[in-house]
1. Find the helices (runs of 4 or more DSSP H) located wholly in region 191-293 whose residues include 1 or more that are more than 18 Å from Leu16 (Cα to Cα), and list them.
2. Select from region 328-360 the residues that are in a helix (DSSP H, G or I), surrounded by fewer than 14 Cβ atoms within 10 Å (Cβ to Cβ) and touching a residue at least 12 places away in the same chain (Cβ under 8 Å) and list them in ascending order.
3. Residues being free of Cβ contacts under 8 Å to residues at least 60 places away in the same chain and in contact with a strand residue (DSSP E or B) (Cβ under 7 Å, 6 or more places away or on another chain): count how many of those fall in region 45-72.
4. Can you pull out every residue in region 5-43 that is in a helix (DSSP H, G or I), within 20 Å of Phe121 (Cβ to Cβ) and not small (Gly, Ala, Ser)?
5. So if I check each of Arg208, Arg267, which one is under 30 Å from Ser307 (Cβ atoms), assigned by TED's automatic domain parsing to the domain that holds Leu71 and either at pLDDT 95 or above or among the charged types (D, E, K, R) (or both)?
6. Given the criteria of a type outside the set (Ser, Thr, Tyr), surrounded by 14 or more Cβ atoms within 10 Å (Cβ to Cβ) and in contact with a Ser or Thr (Cβ under 9 Å, 6 or more places away or on another chain), does Met286 qualify?
7. Go through region 361-390 and report how many residues are under 16 Å from Asp446 (Cα atoms), surrounded by fewer than 16 Cβ atoms within 10 Å (Cβ to Cβ) and of a type in the set (A, V, I, L, M).
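The values are calculated or read from the model by the stated rules, or taken from the named source; none is laboratory data. Bear in mind the structure is a predicted one, so any value in this text is a computation, not a measurement. Note: ideal-geometry Cβ built from the backbone for every residue, glycine included; neighbour counts use all protein chains shown.
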Amino acid sequence: MTTPQTKDNRRLAGQLIMIRFPGTELDAETADFLRANAIRAVCLFRANMVDSAQLARLTADLRAVMGPQALIAIDQEGGAVVRSTWVPAPPAAMALGAADDAGLARAVGAAVARAARSLGFNWNFAPVLDLNNNPDNPVIAERSFGADPRRATELAMAWMEGSHSEGVACCVKHFPGHGDTHVDSHRDLPRVDKPLEQLRQFEFAPFRAAAGQAPAMMTAHIVYPALDADNPATMSRRILHDLLREEWNFGGVIITDGMDMHAIAGRYGVGNAAVRALGAGADMVMALGTRETQEETLQAIGAAIASGQLDAGQVQRRLARLAALAAAYPCQARDYPEDAADRALMAEAWRRGLSARGAVRRPPAGAKLRLVVRQDVVSDGVSEAGVPAAAVAASLGRLYDVDMVTFADAESFDWGALPDDGRFVVLASTSRLRYGPRARAGWRPDLHLALWNPYQALDIAAPALLTYGFAAPALAAVNAWLGGELEATGRCPVPGFA
C-alpha cells in the first residue's frame with residue numbers, strides 16, 4: 001500500500017531526476033508517469049525526432065504535462081554530437097578552436113540556441129570544457145575546444161554567452177575533466193591518475209573559470225585518485241561538494257551524466273548510485289535507462305528521503321536551484337526566422353575551421369580520383385552516424401571522376417591491392433576510431449581527408465585536411481578548398497599538428 005508520505009517522497013524524488021523515453025510522441029503511459037511522479041525534466045535524443053513540426057508538438061505536449069518549470073534538454077554540441085540534424089549544422093568545438101575567434105564562437109552558440117529554442121528546448125548539454133590532451137581519448141577528441149586551458153575556456157565561455165543571449169541554458173561538461181582518458185565512461189570506469197597540482201593547472205582550470213558563470217555543470221563518471229580514490233566524481237562528496245560547491249562557490253545546478261552508462265550502472269546499480277550522487281552534492285540525476293531502472297531510481301531516492309539518508313533541507317535546496325534554472329530560462333518555443341542567416345553563419349564557421357597538416361596539394365580539376373572510405377558508419381551511442389561513403393563520393397564527384405573503394409575493417413583492408421593506374425588517391429576518414437598498426441604502416445594516400453577525428457591525421461603518413469566533422473557544410477568546405485576558392489587557415493588547437 002502507498003501511504004501519502006511515501007507518495008510525497010516519491011514525488012520529491014521525481015523532481016530530482018531527468019528521464020528519457022522512446023518514441024516520437026508523448027504516449028498516455030509516459031504522460032501519466034510524468035504527472036504521477038512530478039517529473040519536470042526530460043532529455044530528448046535522435047530517436048525522439050523526425051522534423052521541426054513533430055518535435056515542436058512533442059515538446060509542447062511535454063510542457064503541458066510538466067508545467068512551467070519544465071526542463072527539456074538536448075545534446076546539441078556541434079559536429080558529430082547533435083540530435084536535431086536538420087537545423088543549421090554547427091561546427092564541432094575543435095573547429096571553433098582551430099578558427100580561434102571568440103566572436104565567431106559566440107555567434108555559433110547563439111545560433112545553436114535559436115534553433116534549439118524554436119524546437120521547444122530550454123537546456124543544452126554544452127559546451128564541452130574538457131581539454132583534449134590525450135590523443136587516444138575515444139569519446140572527446142573534436143568535441144573539445146583544444147588543449148590550452150586559457151584559450152579553450154575563453155572560446156567555450158563565448159559560446160555559452162551566445163546561447164544564454166538567446167534564452168537557452170548551458171550545462172558545461174564533464175566536470176572535472178574527461179579529456180585525458182583513454183576509456184569511454186559509457187563502457188567502463190576511467191581514471192585520471194595525475195597529481196592534484198597538475199589537475200588544477202589543466203583539467204580543473206576551465207571548470208573553475210566557469211564556476212561563476214555557468215548555470216549548470218554535468219559530472220564525469222571518472223575516478224580522480226588525487227581527490228578521491230574510492231568514488232567517481234559523480235558520487236564523490238569531496239569533488240562535488242567540497243571542491244565545486246565550497247572551494248569554488250558554484251551556485252548552479254549539478255547534474256550527473258547518464259546513470260545508465262556502464263561505468264555507473266554496471267558497477268553500483270542505478271538506485272544505489274542515484275542516492276550516492278545526490279548525497280555527494282548532485283542536484284539532479286540523469287536517469288536515462290529503461291522505465292524499470294527509472295522506477296528503481298525513484299524508489300531508491302524516495303526511500304532515502306523518507307529515512308533521512310538524504311537530508312530534507314538539502315533536498316529543498318536542490319529543488320530551489322532547479323526551480324531557479326527553469327525560471328531563468330523558461331521553456332517557451334518561438335519562431336525561427338533566422339534559419340537562412342544561421343545556415344550561412346555555420347557554413348562560414350566550418351570554412352574558417354578547415355585546417356591542413358603537411359604539404360597538402362589539390363588534384364587538378366576533373367582529375368581521375370580514387371576515394372578510399374569506410375562503409376557506412378553507424379552511431380556509437382554518443383555521436384550521430386557518420387557520413388555514408390556514397391555521400392562523400394557524390395560530393396567529390398562534383399569536381400572529379402571518382403572511383404570509390406570501401407572497406408569494413410581498416411586492419412584487414414589490403415592497401416597494396418589498390419590499382420596502380422595513376423589515379424590521385426584520397427583517403428576519407430569518416431569515423432572516430434583511430435587507425436591500427438597495419439593501416440599506420442602501409443596506407444599512403446596522396447591526400448587524407450580527416451572528416452571527423454583530427455587525431456586520425458596523425459595515424460596516416462600523408463598530407464591531411466581536417467574538418468572536425470562530417471556535416472554537409474564540412475564537405476562543402478572541402479570542395480571549396482579543392483576548387484581553389486578557399487585556403488585552409490585553421491590551426492588545430494592540440495599538440496602534434498604544427
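1. Working: elements: 196-201, 204-210, 262-268, 270-280.
Those helices (runs of 4 or more DSSP H) span 196-201, 204-210, 262-268.
2. Residue satisfying the conditions is Ala328 alone.
3. Narrowing region 45-72 to residues free of Cβ contacts under 8 Å to residues at least 60 places away in the same chain: 45, 47-51, 53-54, 57, 61-62, 64-67.
Among the residues that remain, those that are also in contact with a strand residue (DSSP E or B) (Cβ under 7 Å, 6 or more places away or on another chain) are: 62.
Final tally of qualifying residues: 1.
4. Taking region 5-43 as the starting set, the residues that turn out to be in a helix (DSSP H, G or I) are 5-14, 28-36.
Still in the list and also within 20 Å of Phe121 (Cβ to Cβ): 30-31, 34.
Those that are in a helix (DSSP H, G or I), within 20 Å of Phe121 (Cβ to Cβ) and not small (Gly, Ala, Ser): Thr30, Leu34.
5. Working: Arg208 fails: under 30 Å from Ser307 (Cβ atoms).
Going through Arg208, Arg267 in turn, just one is under 30 Å from Ser307 (Cβ atoms), assigned by TED's automatic domain parsing to the domain that holds Leu71 and either at pLDDT 95 or above or among the charged types (D, E, K, R) (or both): Arg267.
6. Numbers: of a type outside the set (Ser, Thr, Tyr): yes; surrounded by 14 or more Cβ atoms within 10 Å (Cβ to Cβ): yes; in contact with a Ser or Thr (Cβ under 9 Å, 6 or more places away or on another chain): yes.
Criteria met by Met286.
7. 2
Condition check ((1) buried (at least 18 other Cβ atoms within 10 Å of the Cβ); (2) modelled with pLDDT under 95; (3) in contact with a Phe, Trp or Tyr (Cβ under 6 Å, 6 or more places away or on another chain)) across all residues:
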{"residue": "Met1", "(1), (2), (3)": "no, yes, no"}
{"residue": "Arg11", "(1), (2), (3)": "no, no, no"}
{"residue": "Ile17", "(1), (2), (3)": "yes, no, no"}
{"residue": "Thr24", "(1), (2), (3)": "no, no, no"}
{"residue": "Ala28", "(1), (2), (3)": "no, no, no"}
{"residue": "Asp32", "(1), (2), (3)": "no, no, no"}
{"residue": "Ala36", "(1), (2), (3)": "no, no, no"}
{"residue": "Cys43", "(1), (2), (3)": "yes, no, no"}
{"residue": "Thr59", "(1), (2), (3)": "yes, no, no"}
